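J.: Sending over a structure as structure tokens; questions will come in a sec.
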């Protein structure tokens, strides 16, 4: 269990109020009490390593969100850059990987890139 310092609590509070995954720069902009961006990155990695948050990479940036029971992935439109969340259905595959290869998956993320319905219709 990690020690929840004041700075860590501020970062956690921003993530808990967000309905979307956030990257470190977005969190930095929302902080009323300014702190070093490097502190935010370190805190997010501490949260991730402790299992408090999940992480997903979109456009070469790490996005973090509170780690709830459900796990999500994203579809990203290459035209409008909108990200659409979808549920994870990889549990069976992860079990099969463990059985077949003896490999324990600790984390995974999946992003699908293409065109959303609106951009296809234009």
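J.: Being over 12 Å from the mean Cα position of the chain (by Cα) and touching a residue at least 40 places away in the same chain (Cβ under 8 Å) is the filter; apply it to region 23-70 and report the residue that is surrounded by the fewest Cβ atoms within 10 Å (Cβ to Cβ).
T.: 50
J.: Considering only region 37-62, how many residues are outside any helix (DSSP H, G or I) and touching a helix residue (DSSP H, G or I) at 6+ places or on another chain (Cβ under 9 Å)?
T.: Taking region 37-62 as the starting set, the residues that turn out to be outside any helix (DSSP H, G or I) are 50-62.
Cutting the leftovers down to touching a helix residue (DSSP H, G or I) at 6+ places or on another chain (Cβ under 9 Å) gives us 52-55, 61-62.
Matching residues across region 37-62 total 6.
J.: I'm trying to understand the selection: among the residues of region 81-109, which are part of a loop (DSSP other than H, G, I, E, B) and free of Cβ contacts under 8 Å to residues at least 40 places away in the same chain?
T.: 81, 82, 88, 89, 90, 102, 103, 104, 105, 106, 108
J.: In region 7-22, which residue that is touching a residue at least 40 places away in the same chain (Cβ under 8 Å) and assigned to a helix (DSSP H, G or I) is surrounded by the fewest Cβ atoms within 10 Å (Cβ to Cβ)? Write out each step before concluding.
T.: We begin by selecting, within region 7-22, every residue touching a residue at least 40 places away in the same chain (Cβ under 8 Å); these are 12, 15-16, 18, 20-22.
Cutting the leftovers down to assigned to a helix (DSSP H, G or I) gives us 12, 15-16.
Details: 12: 16, 15: 18, 16: 9.
So the residue we want is 16.
Just so you know, all these numbers are worked out from the coordinates, no wet-lab data involved. Quantities reported herein were computed from a predicted structural model and do not represent experimental measurements. We place every Cβ from the backbone using ideal geometry, glycine too, and count neighbours over all the protein chains shown.
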